[in-house]
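I have placed the structure first, in the form of structure tokens, so that the comments after it can refer back to it.
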Amino acid sequence: MSEENKFSIRYNKKLSKEIAERTSFMNDTKWKYLFSKIKDLDCDYETFVKFLIDKKLRSFSIPDKTDFINGKYLEQYWGTCELKEIEYIFIPSQRIYERSNRNEILEPRIENQEMNKLKKCLATGKLIEHEETEKGIFIYGYSKK
């Protein structure tokens with residue numbers, strides 16, 4: 001058995017164990033529905049994703065229907081994932097642009113994201129488990145039991 005297959009088996013066992021210890025809110029159909037609704041808002045949201053077996057937030061692009069291959073989402077920056085791996089998605093209320101001029105670090109440019117459209121979107125249609133904070137909106141795939 002190749003090292004890649006061994007890694008895949010270990011990863012899937014760890015993922016299955018983590019999923020079993022949580023309450024699931026989303027399935028592939030709900031995630032795709034949500035992504036479609038967000039895309040329809042025509043807002044270019046800065047978005048982050050937290051995976052079940054990953055400690056850090058990653059930059060995340062809301063996928064189009066064409067971004068799925070064999071049930072996996074092909075993220076443009078860091079590779080593929082299955083939607084069942086998503087613990088939550090975070091959409092911050094502000095987008096921060098780091099700026100510099102040669103060696104000088106400038107004051108960052110801060111831009112508010114259109115959160116009212118997103119809030120209305122989450123309040124209609126299918127039940128999407130989410131939490132609104134002053135920092136932004138968390139959309140949950142899972143929670144601890």
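The values are calculated or read from the model by the stated rules, or taken from the named source; none is laboratory data. Source: prediction; values computed, not measured. Neighbour counts are summed over all protein chains in view; Cβ atoms, including those assigned to glycine, are modelled from backbone coordinates with ideal geometry.
When both residues are 6+ apart or on different chains and their Cβ atoms are under 7 Å apart, which pairs have a first residue that lies in the range 88-100 and is without any contact (Cβ under 8 Å) to a residue 12 or more places away in the chain, and a second that is hydrophobic (A, V, I, L, M, F, W, C)?
99/106; 100/106
Spot the failing condition for residue 122; the list is (1) under 16 Å from the mean Cα position of the chain (by Cα); (2) closer than 24 Å to residue 16 by Cα, and only one is missed.
Status for residue 122: all satisfied but (2).
Give the residue, chosen from 136, 125, that is modelled with pLDDT of 95 or more and not hydrophobic (A, V, I, L, M, F, W, C).
136
Looking only at residues that are aliphatic (A, V, I, L, M) and within 16 Å of residue 140 (Cβ to Cβ) in the range 37-52, which one is modelled with the lowest pLDDT?
Step by step, filter the range 37-52, then rank; the result is 52.
What number of residues within the range 66-110 are at pLDDT below 80 and within 20 Å of residue 128 (Cα to Cα)?
Number of matching residues: 1.
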